[in-house]
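Each remark here refers to the structure printed beneath this line.
The values are calculated or read from the model by the stated rules, or taken from the named source; none is laboratory data. Small disclaimer: the values here were computed from a predicted structure and weren't measured. Note that each Cβ is placed from the backbone with ideal geometry, even for glycine, and that neighbours are counted across all protein chains shown. Heads up: the accessible areas ignore ligands, DNA and RNA and are worked out on the full protein's heavy atoms, side chains in. Shrake-Rupley method; radii C 1.70, N 1.55, O 1.52, S 1.80 Å.
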Amino acid sequence: MARHEGRGMASVNYPIGMNLGGDPSQALIHSNPDGKFTVALSAIDLGQGMKQVSRQIAAETLGVPIEDVYVDTADSDTGPHDMGSFASRGTHRMGNAIIVAAREARGVLLEAAAEELEVNAADLVTDGRGNIHVRGAPSRSITVKATAQAAQFKQGKTIAGRGIFLIPLSAVDAETGEMNPNTAFAHACLVADVCVDDETGEVEVLRMTSAYELGRVINPRMVEQQLVGGAWMGISHALYETPEPYYPNPEHGPRDFNEYLMPGPGDIAPYHVTVLERPAPDGPFGGKGPGEMCANPVLPAIANAVYNAVGVRVDELPITPEKILRGLKANGGVKPGPRRGGPVNWR
Amino acid sequence: MAKLPLQFRLNGSDRATFVDPASNLLDTLRRGLGDFGPKYGCGQGTCGVCTVLVDGEPQLACLTLAVSCEGRQIETTSGMADGPNLHPLQDAFMDHFAAQCGFCTPGMLTAARALLAKNPQPSREEVVEAISGNICRCTGYEPIIAAILAAANAPGARRA
Ligand code: FES
Ligand code: FES
């Protein structure tokens, strides 16, 4: 019996969103008489942080404090239309829609403030702390709250904005079938180091190291959080989760993660992520978003690492001990690949 | 079937209710007493989100017969904060981004609370062991482990 270490790599070019039918998102923003803003969306936050990112994008564009923005994703029946939270599209698609809506709302806000201050709206700026003032003359100012109240009760204006982000559907070339369903690509590369036990077929992930390029990172802590959690999911898909075995028949198989295996808190490996930012020209403030690609490269990297460790190429997930042992038998034993260096040098 | 009277202390207050003899503690807390701190995940003892403290011991409320709690002290996450002041574990969970969807959070907090009450300076392995009955689908566990270790070193962490 012996344990064999191996290293595998994988890289991913990940398309953000999917442009089937244009992949539109809408956002509506309005102010309340207390000078706070509500952003209505139909995309939901599953815990990935979309609400927070939406709030940041809206506050930044409106020029108001983040505390004064509320993001409402309550009801897709009554909210503006959205394709949904999938395909890692949240930050990019909804963020862009929010920027359009917030720009329009900001325009009305400044017009209302201009009317109160008796100046030209083009001369007004916001300080991001709840005030609007004449450029270069901070004393000639009015609060966002007073402006919202004047608009509501005196001027009869709605401080509101509508936003949609739509990429026109890409036509399919009749000759070649070629089309371009993508707008923004995010990129990553991941190295997995594993140890394979040739007697039990068990795979232990020793460490993982990755670099992710996600455009401008709008909320660094949430990006890190998603990347770490998603990598765990990748390990889970690669090595654990399956409704098999079907013994004695499929009805007895596990149906969900209460019944099948997932890595627990004792099975996690040290993971080092480096995030690179190359702002996307069409992203909200340059953002693309991590999403599904947090997990994607983990699977092929682990499969490659297993191959490197013992020479068994498993091409069906998950990579279970049973498959490894069958592979070892078919190969007539362990056939390790070339060793590639020592531990990855963490900064 | 006739309902049975049941009394216990919930987060420091005396509570009385009537329960079906077969009802579990989770149902009694959530539907009977309106304490939505403990969550319903699997209802079969595998996910840990329903974890509550019964006389200080972590217990799966979905597998606990309500009537077995007569006269006991039940504690849930609803009673963790002291007015506006969060429990150090709650603060640490926020600081370490230890929740994404947050569904596992009540169970994780309760498991951690039970651990720190008994073992104020746990090792990483002891933390892992303490939360090994709780499934988290989002975080990859690392931020949760980091939060519990940090809370152990924070002042007031042992407050029950
Ligand atoms: S609901 Fe009790 S363990 Fe899942
Ligand atoms: S935060 Fe979603 S299950 Fe733990």
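Key figures
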quantity: Residues located in the range A:212-262, provided they are polar (S, T, N, Q) and either open to solvent by 30 Å² or more (accessible area, probe 1.4 Å) or over 18 Å from A:Met293 (Cβ atoms) (or both); calculated: A:Gln226, A:Thr242, A:Asn249, A:Asn258
quantity: Any hit, the range B:84-96, residues being closer than 25 Å to A:Gly49 by Cβ, within 16 Å of ligand 2 (Cβ to nearest atom) and surrounded by fewer than 18 Cβ atoms within 10 Å (Cβ to Cβ); calculated: yes
quantity: Tally, over the range A:42-75, of residues that are away from ligand 2 (no atom under 16 Å from the Cβ) and either over 25 Å from A:Val125 (Cβ atoms) or part of a helix (DSSP H, G or I) (or both); calculated: 19
quantity: Count of residues meeting criterion [under 22 Å from A:Tyr260 (Cα atoms) and away from ligand 1 (no atom under 13 Å from the Cβ)] in the range B:36-60; calculated: 0
quantity: Condition met for B:Ala16 (part of a strand (DSSP E or B) and of a type in the set (A, V, I, L, M)); calculated: yes
quantity: Considering residues of the range B:112-139 that are farther than 20 Å from A:Leu261 by Cβ and in contact (Cβ under 8 Å) with a residue 40 or more places away in the chain only, the residue farthest from the other protein chains (Cβ to nearest Cβ); calculated: B:Ala117
quantity: Count - residues of the range A:236-266 that are within 16 Å of ligand 2 (Cβ to nearest atom) and touching a strand residue (DSSP E or B) at 6+ places or on another chain (Cβ under 9 Å); calculated: 1
quantity: Residue within the range A:94-117 that is touching a residue at least 12 places away in the same chain (Cβ under 8 Å), assigned to a loop (DSSP other than H, G, I, E, B) and assigned by TED's automatic domain parsing to the domain that holds A:Gln48 present; calculated: no
quantity: Those residues of the range B:46-69 which are in a loop (DSSP other than H, G, I, E, B) and either buried (at least 23 other Cβ atoms within 10 Å of the Cβ) or modelled with pLDDT of 95 or more (or both), in sequence order; calculated: B:Cys47, B:Gly48, B:Val49, B:Cys50, B:Asp55, B:Gly56, B:Thr64
quantity: Residues satisfying the stated conditions in the range A:214-259, i.e. within 25 Å of A:Val191 (Cα to Cα) and within 8 Å of chain B (Cβ to nearest Cβ); calculated: A:Arg221, A:Met222, A:Glu224, A:Gln225, A:Gln226, A:Val228, A:Gly229, A:Gly230, A:Ala231, A:Trp232, A:Met233
quantity: Matching residues, the range B:140-155, being touching a strand residue (DSSP E or B) at 6+ places or on another chain (Cβ under 8 Å) and more than 8 Å from every other protein chain (Cβ to nearest Cβ); calculated: none
quantity: Among (1) within 16 Å of ligand 2 (Cβ to nearest atom); (2) open to solvent by 50 Å² or more (accessible area, probe 1.4 Å), the one test that B:Gly107 misses; calculated: (2)
quantity: Leading residue by the ranking (farthest from the other protein chains (Cβ to nearest Cβ)) among those in the range A:13-27 that are at pLDDT 90 or above and surrounded by 21 or more Cβ atoms within 10 Å (Cβ to Cβ); calculated: A:Gln26
quantity: Residue count for the range A:266-289, restricted to those that are within 14 Å of another protein chain (Cβ to nearest Cβ) and in a helix (DSSP H, G or I); calculated: 2
quantity: Segments classed as strands (runs of 3 or more DSSP E), wholly inside the range A:118-159, with at least 3 members that are out of contact with any Gly (no Cβ under 6 Å at 6 or more places or on another chain) and surrounded by fewer than 18 Cβ atoms within 10 Å (Cβ to Cβ); calculated: A:137-143
quantity: Selected residue (only one of B:Leu63, B:Leu33, B:Leu26 is in contact with a Lys or Arg (Cβ under 9 Å, 6 or more places away or on another chain), within 16 Å of ligand 1 (Cβ to nearest atom) and more than 21 Å from A:Gly266 (Cα to Cα)); calculated: B:Leu26
quantity: Residues located in the range A:22-54, provided they are more than 21 Å from the chain's Cα centre (by Cα) and under 23 Å from A:Ala280 (Cβ atoms); calculated: A:Ile29
